[in-house]
1. Is it the case, given these coordinates, that Lys190 is open to solvent by 70 Å² or more (accessible area, probe 1.4 Å), farther than 22 Å from Pro55 by Cα, more than 17 Å from the chain's Cα centre (by Cα) and among the basic types (Lys, Arg)?
2. Could you please give the count of residues in segment 22-54 that are within 20 Å of Pro138 (Cα to Cα) and either of a type outside the set (Ser, Thr, Tyr) or in a helix (DSSP H, G or I) (or both)?
3. Among the candidates Phe47, Phe29, single out the residue that is open to solvent by 50 Å² or more (accessible area, probe 1.4 Å) and among the aromatic types (Phe, Trp, Tyr).
4. Contact list please: Cβ distance under 7 Å, first residue in segment 126-152 and farther than 25 Å from Ala23 by Cβ, second residue of a type in the set (Phe, Trp, Tyr), pairs at least six apart or on different chains.
5. Return the total of residues in segment 16-58 being among the charged types (D, E, K, R) and either at pLDDT 85 or above or at positive phi (or both).
6. So which residues in segment 96-133 are buried (at least 24 other Cβ atoms within 10 Å of the Cβ), aliphatic (A, V, I, L, M) and within 17 Å of Val181 (Cβ to Cβ), if there are any at all?
7. Can you tell me which residues in segment 134-173 are under 17 Å from Gly115 (Cβ atoms), open to solvent by less than 50 Å² (accessible area, probe 1.4 Å) and β-branched (Val, Ile, Thr)?
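The values are calculated or read from the model by the stated rules, or taken from the named source; none is laboratory data. Treat the numbers as computed from the prediction; the structure is a model and nothing was measured. In this analysis, Cβ positions are derived from the backbone assuming ideal geometry, glycine residues included, and neighbour counts consider all displayed protein chains. Note: accessible area is taken over every heavy atom of the protein model, side chains too, but ligands, DNA and RNA are not part of it. Shrake-Rupley method; radii C 1.70, N 1.55, O 1.52, S 1.80 Å.
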Amino acid sequence: MVKKQALNFRNATQIIVGCFILAFSVSVFVLPFNILSGGVAGIAVAFSALLNVDPTLIINVLMIALFVIGSIFLGKMFAISTMITTILYPLMLIMINSFNIEIAIDPILASLYAGLLGGAGVGLVFKAGASTGGMDIPPLIINKFTGLKLSSLILIIDALTVLLGLISYGMEAVLIGFIAVWGTSFAVDKVLT
C-alpha cells in the first residue's frame, strides 16, 4: 500500500530518479522496439482505430479525467506531486531521446528490460507518494480502498491494456508486451517492499 507522504527532499529525489529511470526505459527499450506496455497510449491506439478518433484526443481526455479522479480520491499531495511528474517525465524523455541510444538486442529481452526498468522507476515514484499519471491512477485508487497489492493491480490493468493491442498489432506483439507488463509488476513489488 502506498502511504500518503509530504513532499520532502527524499521524496523529491525519488520522484526525479524514478522519472529518469522510466524515461530511460521508454526511450531505450519501449519506443525503439515498439513494445506494447500498457498505459493510456495503449488504450488510445486500440480505441482510435475502433472509434475513428485521433489517438492524441483520447490520450488527452483520459489523462485529464484520470488526473481529476486521482486528485479527488487520492488527495491534494497526490495532485501536486503528480503535476511535477507530468512535467518532469516528458522533459527527461526528450533529453534521453536526444542521445539516440541504440541497443541491438532481441525484442523479448528488450521487453523484459523495459518492464523491469520502467517498474523500478514507477515504484520509486509510488514510494514517494506520487504517480506518473495516466493508468497508474486506477491501481492506486483500487489499492487505497481495497488494500489489494499494488503490483498485482498494475499487472492486471496493464495486461488488459496490452490485450487491447491485439486489435492493431497481433498476438506476437501482445505476448511480448506481457513480458514487459510482468517485469513492471515484479519491479514495482520489489521497490515497494
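1. On the way: open to solvent by 70 Å² or more (accessible area, probe 1.4 Å): yes; farther than 22 Å from Pro55 by Cα: yes; more than 17 Å from the chain's Cα centre (by Cα): no; among the basic types (Lys, Arg): yes.
Considered against the rule, which asks whether it is open to solvent by 70 Å² or more (accessible area, probe 1.4 Å), farther than 22 Å from Pro55 by Cα, more than 17 Å from the chain's Cα centre (by Cα) and among the basic types (Lys, Arg), Lys190 comes out as no.
2. Adding up the residues that qualify gives 12.
3. Just a single option satisfies the conditions, and that option is Phe47.
4. From residues that are farther than 25 Å from Ala23 by Cβ, the pairs are Lys144/Phe73.
5. Residues flagged as among the charged types (D, E, K, R) and either at pLDDT 85 or above or at positive phi (or both) within segment 16-58 amount to 0.
6. Ala114, Val122
7. Answer for segment 134-173, where residues must be under 17 Å from Gly115 (Cβ atoms), open to solvent by less than 50 Å² (accessible area, probe 1.4 Å) and β-branched (Val, Ile, Thr): Ile154, Ile157, Thr161, Val162.
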